[in-house]
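The values are calculated or read from the model by the stated rules, or taken from the named source; none is laboratory data. Remember, predicted model here, so these are calculated numbers, not experimental data. Heads up, the Cβs are rebuilt from the backbone with ideal geometry, glycines too, and the neighbour counts pull from every protein chain shown.
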């Protein structure tokens, strides 16, 4: 029986296909994406806070009575909590939380992902058309 031998696959710059560099390249791209995301967290949190403040300021003037006002207050409070979460968690922490929730509630996760995909496609379609 012959013992297999392993050799280093040359990169494209060395005349190879670069396949051996795939995992390290993917990790590098992932790290850069995480860094960009982390830089944007504060502005996302500020936008959520601003939207929550705006909704809180308009609660009493919304038509629909006390039920609508209660729902609007609850929504604004949830937006404030989301802003705090975005501000406090890095991408790794968020992905960990999403994975845990997806495992615990797979049906709801699939429904939410479908809804977000639908909204994204509609938004892209409006921007292109």
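Computed values, structure above
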{"item": "From 51, 82, 71, 76, residue being free of Cβ contacts under 8 Å to residues at least 60 places away in the same chain, out of contact with any helix residue (DSSP H, G or I) (no Cβ under 9 Å at 6 or more places or on another chain) and either on the phi < 0 side of the Ramachandran plot or in a helix (DSSP H, G or I) (or both)", "result": "71"}
{"item": "Residue check, residue 104 within 22 Å of residue 30 (Cβ to Cβ) and modelled with pLDDT of 90 or more", "result": "no"}
{"item": "One residue from 35, 72 being more than 24 Å from residue 109 (Cβ to Cβ) and modelled with pLDDT of 90 or more", "result": "72"}
{"item": "Residue check for residue 115: surrounded by fewer than 11 Cβ atoms within 10 Å (Cβ to Cβ) and at pLDDT 90 or above", "result": "yes"}
